[in-house]
Amino acid sequence: MTHPDREISKNVTVQQNVGLKPYNTLGIDAVANSFIEVTDQDTLGKLYKEGFFSDQKFPIILGGGSNVLLKGDPKSPVLKISIPGIRVTDESDHFVRIEAGAGVNWHELVTWAVERNFGGIENLALIPGTTGAAPIQNIGAYGVELSDTFESLRAFLPESGEFNTFYYTDCEFGYRDSIFKRELKGKAIITGIVLKLRKSPHRINDSYYALKNHFNEAGVSRPVIRDVYDAVVSIRRSKLPDPSVLGNAGSFFKNPVVDKSFFETLEKRYPEMPSFPAGDGLIKIPAGWLIEQAGWKGKRIGNVGTYRNQALVIVNHGDATGEEIFGHAIRIQKSVQQKFDIELVPEVNILE
Ligand SMILES: Cc1cc2nc3c(=O)[nH]c(=O)nc-3n(C[C@H](O)[C@H](O)[C@H](O)COP(=O)(O)OP(=O)(O)OC[C@H]3O[C@@H](n4cnc5c(N)ncnc54)[C@H](O)[C@@H]3O)c2cc1C
């Protein structure tokens, strides 16, 4: 049955039967029964007063949809967070604090910072999605994570109808992880974040091998933050599929972290296996390498495949459903488990 759209208050409308294809980078054609776009934080309070969260059936929160797999049509209402705005809240000679609305496009925030010579997030250029989702998995790339510059975030808690501020330690950041992926999963709607960036002197992080190679080849011996930004943009464009051309959600799985003794046993069988120290007697193994060794790189089954240049990226070749993509991920998971006795954990959030 089709229900008419319902106006909650000025500028807030619950839309019925909204196609989600434009709202997720995997390009899954799921349909939301109810869909609300939130452009200011007061709306969340209004929704609470309307009883929107009262039956404890919390909505699905969507930012840019670049880290989600919609397995089917969502059973819960979908709240798309589009709160705008970037501002400097205070500054000193060396540092600047900036506050950004959860709906600000992350790459636009990075560009805004680099244009003002504010350093610290240039290595995270071109990561798709919104600023509000960045703390959820503590986004990271090229040797830098969000947590390196993070100060606090503000979130609406639909259980109590209140706003709360979460500081660095409250967020329990880890590798592609935070409290918002665990205990507070679905229980905190992030409305804005505060970062502390450097005005000068900048700390250039070019330790990542791809960046080092890039600067060596370009003959850049003392890169500035704009050089790092340009290099990251250029490397990412050459390596990763553009979701507007080929649907994908970036790395589908996290890189597994195993203990040293298990790693050493495995290394005897696969001496060429790449690895990185992960602290505390732990070793990180690139999931892309494991998937490639299991024979999945570039492989296509029907509408779903694994990207030809990077086995860690699952791609939608056409009109794949969420179930088809999920099935592909399970097949990959099983074959890596069989070959290496390692369980791959999805980095992508599976939404049902
Ligand atoms: C081509 C490509 C490359 C990528 N490269 C990287 C990379 O290098 N490093 C990296 O870390 N990630 C990478 N990603 C993953 C993705 O870009 C990030 O995880 C990003 O932060 C997701 O933002 P989003 O707004 O699209 O979140 P969504 O996909 O919309 O949501 C992700 C999760 O966060 C929740 N969520 C979203 N917004 C909010 C909010 N305001 N409050 C509470 N919960 C919320 C959702 O419910 C969901 O569980 C890549 C993705 C793609 C497609």
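The values are calculated or read from the model by the stated rules, or taken from the named source; none is laboratory data. Not measured: the values here are computed from a predicted model. For neighbour counting, all protein chains shown are included, and Cβ atoms are generated from backbone atoms with ideal geometry for every residue, glycine included. The accessibility values were calculated without ligands, DNA or RNA, using every heavy atom of the protein model including side chains. Shrake-Rupley method; radii C 1.70, N 1.55, O 1.52, S 1.80 Å.
Among residues belonging to region 99-113 that are more than 15 Å from the ligand (Cβ to nearest atom) and more than 25 Å from T43 (Cβ to Cβ), point out the one that is surrounded by the fewest Cβ atoms within 10 Å (Cβ to Cβ).
Among residues in region 99-113 that are more than 15 Å from the ligand (Cβ to nearest atom) and more than 25 Å from T43 (Cβ to Cβ), the one surrounded by the fewest Cβ atoms within 10 Å (Cβ to Cβ) is T111.
Condition test on R116, is it under 23 Å from A155 (Cα atoms), away from the ligand (no atom under 12 Å from the Cβ) and of a type in the set (K, R)?
So R116 does not fit the description; no.
Could you check, for region 78-85, whether at least one of its residues is modelled with pLDDT of 95 or more and away from the ligand (no atom under 13 Å from the Cβ)?
For region 78-85, residues modelled with pLDDT of 95 or more and away from the ligand (no atom under 13 Å from the Cβ): present.
For Q15, all conditions in the list (1) modelled with pLDDT of 90 or more; (2) open to solvent by less than 40 Å² (accessible area, probe 1.4 Å) hold save one; what is the number of the exception?
(2)
Pairs needed: first member in region 234-258, under 19 Å from R300 (Cβ atoms); second member anywhere, open to solvent by 70 Å² or more (accessible area, probe 1.4 Å) and not β-branched (V, I, T); C-beta distance under 6 Å; at least 6 residues apart or different chains.
none
I'm checking my understanding of the structure. Among residues of region 51-75 that are touching a strand residue (DSSP E or B) at 6+ places or on another chain (Cβ under 6 Å) and either open to solvent by 60 Å² or more (accessible area, probe 1.4 Å) or outside any loop (DSSP other than H, G, I, E, B) (or both), which one is farthest from the ligand (Cβ to nearest atom)?
Among residues in region 51-75 that are touching a strand residue (DSSP E or B) at 6+ places or on another chain (Cβ under 6 Å) and either open to solvent by 60 Å² or more (accessible area, probe 1.4 Å) or outside any loop (DSSP other than H, G, I, E, B) (or both), the one farthest from the ligand (Cβ to nearest atom) is D73.
Taking region 76-85 as the region of interest, how many residues are open to solvent by 30 Å² or more (accessible area, probe 1.4 Å) and small (G, A, S)?
1
Any residue in region 106-130 that's farther than 16 Å from G85 by Cα: show its pairings with residues that are more than 12 Å from the ligand (Cβ to nearest atom) and small (G, A, S) at Cβ separation under 7 Å, as long as the two are six or more apart or on different chains.
Listed by first residue and then by second, the contacts come to I121/A113.
Among the residues that make up region 86-98, is at least one of them under 30 Å from S54 (Cα atoms) and open to solvent by 30 Å² or more (accessible area, probe 1.4 Å)?
No, region 86-98 has no match at all.
Among the numbered criteria (1) in contact (Cβ under 8 Å) with a residue 24 or more places away in the chain; (2) touching a strand residue (DSSP E or B) at 6+ places or on another chain (Cβ under 6 Å), which single criterion is violated by T321?
(2)
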